[in-house]
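Engineer: One structure, as structure tokens, below. Some questions next.
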Amino acid sequence: MSNRVLMKGNEAIAEAAVKAGCRHYFGYPITPQTEIAHYLAKRMKDVDGVFLQAESEVAAINMVYGAAGAGARVLTSSSSPGISLKQEGFSYIAGAEIPSVVVNVMRCGPGLGGILPAQGDYFQCVKGGGHGDYKNLVLAASGVQELFSLTMEAFDLADKYRILVVILADGTIGQMMEPVIIPEDTDMKIFDKPWAASGKKGGNVHHTIKSIYIDPVVLEGLNNRLQSKYREIEANEVRVETSALEDAEIVITAFGTCARIAKNVIKEAAREGIKVGLIRPITLWPFPVEIISETARKDSVKAFLDIELNAGQMVEDVRLAVNGKKEVLFHGRTGGMIPSQEEILDIVRRIAGGGF
Amino acid sequence: MEKVFKITKGLTGVPMHYCPGCTHGIVHRLVAEVLEEMDVIESAIGVSSVGCTYNNYDYFACDMLQAAHGRAPAVATGVKRVHPGSLVFTYQGDGDLAAIGTAEIVHAAARGERITTIFVNNAIYGMTSGQMAPTTLIGQVTTTTPFGRDAAIHGYPIRMSEMLSTLDGAAFIQRVSMHDVRNVREAKKAITKAFRLQSEGAGFTMVEILSTCPTNWGIDPVGSLEWIKEMMIPQYPLGVYKDVTAGGDK
Ligand SMILES: Cc1ncc(C[n+]2csc(CCOP(=O)(O)OP(=O)(O)O)c2C)c(N)n1
Ligand code: SF4
């Protein structure tokens with residue numbers, strides 16, 4: 001059984017969390033993701049859950065640390081400036097291996113910036129942002145239905161790997177409305193959490209949730225274990241969408257909103273006889289390195305064009321994967337500006353004409 | 001022969017690392033004894049903070065979470081909202097609670113979060129080697145106030161119990177001291193009452209405990225107890241600052 005409804009991206013995230021069995025939400029208001037809080041403030045009451053407006057993003061992420069460390073499925077959401085404040089918590093959660101789900105509906109920066117869509121937090125969420133060697137599993141949707149299913153999946157991934165999963169959406173994806181099919185019944189996995197500090201220990205087991213290890217040997221051991229977990233995730237959890245790669249001469253790499261625009265560009269270009277393909281990373285980490293380097297080796301491919309709502313962030317990962325085999329061009333807009341289809345088509349034409 | 005003293009089951013027995021004459025250890029024992037007496041070692045959940053007691057997760061026998069500097073009340077909030085039936089407490093120093101963690105403690109109290117904070121005020125940053133704390137006394141020499149705390153430069157010490165007691169969410173707040181046996185007993189009574197009120201759902205509860213730091217005060221252990229009495233208590237008067245059951249048994 002399922003239900004088809006028209007929803008904003010932000011609402012889809014909120015409902016998907018509830019469907020995934022999340023019963024605790026902690027957050028601080030910020031545009032453009034406030035609908036998540038508005039939705040859950042009501043919805044958590046229906047399901048006997050907890051909605052708590054925290055005093056800051058710092059407090060909210062630490063409430064996540066406590067609640068998820070005590071064994072629950074927990075959500076917090078914010079937008080760029082608030083995500084900056086959460087970085088301390090990200091690092092502690094990584095060190096303590098607490099399964100957590102954090103939504104970042106990105107707005108434009110730096111600083112207070114503006115409230116319009118951007119993708120300027122790629123570095124922050126994908127590369128780190130907090131201190132120490134750690135990784136977040138980062139999921140990027142390009143439509144509302146996908147946002148719904150990725151949010152549900154985020155909770156399973158978080159529990160499976162005891163990792164922080166970031167749903168990284170630009171403001172457009174959070175704000176746009178599309179029909180969503182909501183499953184009535186979900187085949188939610190129940191994860192046993194024997195490590196949790198739940199106050200329900202039996203016998204002499206004393207559970208501690210912590211990220212501090214004063215002994216360097218022990219701490220290096222933790223780091224090694226984290227790294228091998230990250231390698232396992234890289235091997236098993238890459239998600240990517242490709243289109244028209246078979247005979248593409250130009251390959252666009254883009255995520256979120258930019259990937260939607262790219263799909264229209266591909267159709268238009270085909271009409272003009274220019275063969276353009278798309279690689280859309282759905283997991284920004286683990287990054288789809290293999291498909292990009294394979295594609296770079298193809299003789300048919302002339303160049304890559306990376307499009308982002310920032311000054312060039314994911315393009316660094318694309319260049320690493322292409323590894324000098326083909327030229328990688330970049331086109332980005334910032335400040336809340338979004339490239340038009342015609343703007344990108346123009347660049348594509350120039351590349352095809354060898355005039356770039 | 002009758003056994004008149006035993007180590008409480010609320011402690012794991014792992015040897016504590018505190019300096020000679022430091023009263024953190026006594027506070028631990030009191031908290032642990034109350035956990036045992038209330039029979040909640042198996043269900044209670046504690047939150048360690050950042051300071052000399054960062055690793056008391058090894059000492060307390062209940063489940064523990066170690067929080068980032070100042071964030072223990074937020075972590076405890078998350079824990080309590082998941083396990084409302086568990087006794088949840090934070091153990092925080094004065095730097096942790098009254099400087100970097102001011103927002104978290106104020107709002108946990110304002111929400112009437114059903115947690116208990118054990119707030120150890122030793123007027124200094126112990127772990128990082130004796131810097132000025134928000135609770136450092138005027139004139140007190142620390143490594144960052146080598147000429148003594150000067151109100152004109154460093155501002156004034158904060159009285160957290162008084163401040164938090166103005167909040168409606170606070171159900172019970174008492175300031176006690178470790179400087180002699182009578183006061184140690186009084187402290188245990190205060191902790192018992194705070195834990196009991198928490199389990200009755202009364203609201204936020206806190207016990208502020210004046211405690212020694214001989215190492216960073218540069219005073220011997222006995223002199224340190226005297227220093228609490230002579231120097232700290234005039235600035236931080238002992239007593240009950242909030243008690244929603246007032247007129248009751250306290
Ligand atoms: C974010 C952050 N800033 C600074 C520190 C360093 N630090 C560790 S303990 C401490 C002071 C603790 O003092 P207090 O809370 O008074 O506890 P005490 O050691 O006196 O028991 C500081 C500043 C830290 N660990 N994290
Ligand atoms: S430094 Fe001070 S507070 Fe820390 S253990 Fe030593 S005496 Fe106690």
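The values are calculated or read from the model by the stated rules, or taken from the named source; none is laboratory data. Keep in mind that what you see is a predicted model, and the values were worked out from it rather than measured. Please note: Cβ atoms are built from the backbone with ideal geometry, for glycine as well, and neighbour counts cover all protein chains shown. Only protein heavy atoms, including side chains, enter the accessible area calculation; ligands, DNA and RNA are left aside. Shrake-Rupley method; radii C 1.70, N 1.55, O 1.52, S 1.80 Å.
Engineer: Within the bounds of segment A:301-308, is there any residue that is part of a loop (DSSP other than H, G, I, E, B), open to solvent by less than 20 Å² (accessible area, probe 1.4 Å) and out of contact with any Asp or Glu (no Cβ under 8 Å at 6 or more places or on another chain)?
Structural biologist: No: zero hits.
Engineer: Which residues, taken from segment B:97-132, are open to solvent by less than 10 Å² (accessible area, probe 1.4 Å) and within 13 Å of ligand 2 (Cβ to nearest atom)?
Structural biologist: Scanning segment B:97-132 gives B:VAL120, B:ASN121, B:ALA123, B:ILE124, B:GLY130.
Engineer: Still on this model: Does segment B:32-55 hold any residues that are touching a helix residue (DSSP H, G or I) at 6+ places or on another chain (Cβ under 9 Å), open to solvent by 10 Å² or more (accessible area, probe 1.4 Å), more than 10 Å from chain A (Cβ to nearest Cβ) and not in a helix (DSSP H, G or I), and which are they?
Structural biologist: B:MET38, B:GLY51, B:CYS52
Engineer: Just checking, how many residues over segment A:318-355 are modelled with pLDDT under 95 and open to solvent by 60 Å² or more (accessible area, probe 1.4 Å)?
Structural biologist: Looking only at that region, the number is 2.
Engineer: What is the number of the single condition among (1) open to solvent by less than 10 Å² (accessible area, probe 1.4 Å); (2) within 11 Å of ligand 2 (Cβ to nearest atom); (3) among the β-branched types (Val, Ile, Thr); (4) in a loop (DSSP other than H, G, I, E, B) that B:THR135 does not meet?
Structural biologist: (2)
Engineer: If I filter segment B:207-220 for residues that are away from ligand 2 (no atom under 16 Å from the Cβ), away from chain A (no Cβ under 14 Å) and at negative phi, do I get at least one hit?
Structural biologist: yes
Engineer: Looking at B:GLY70, B:GLY85 in this structure, which one is in a loop (DSSP other than H, G, I, E, B) and at negative phi?
Structural biologist: B:GLY85 is the lone residue from the list that is in a loop (DSSP other than H, G, I, E, B) and at negative phi.
Engineer: If you take the residues of segment B:56-77 that are open to solvent by 20 Å² or more (accessible area, probe 1.4 Å) and more than 7 Å from chain A (Cβ to nearest Cβ), which of them is farthest from ligand 1 (Cβ to nearest atom)?
Structural biologist: B:ASP58
Engineer: Given the criteria facing chain A (nearest Cβ under 8 Å) and either away from ligand 2 (no atom under 13 Å from the Cβ) or at negative phi (or both), does B:ARG29 qualify?
Structural biologist: Here the answer is no, as B:ARG29 does not meet what is asked.
Engineer: Follow-up. If you check A:ILE279 against the conditions, is it open to solvent by 20 Å² or more (accessible area, probe 1.4 Å), modelled with pLDDT of 95 or more and of a type outside the set (Ser, Thr, Tyr)?
Structural biologist: No; evaluated as a whole, the condition is false for this residue.
Engineer: Please work out if A:GLY132 is within 14 Å of chain B (Cβ to nearest Cβ), open to solvent by 50 Å² or more (accessible area, probe 1.4 Å) and either touching a residue at least 60 places away in the same chain (Cβ under 8 Å) or at positive phi (or both).
Structural biologist: Judged against the criteria, A:GLY132 is a match.
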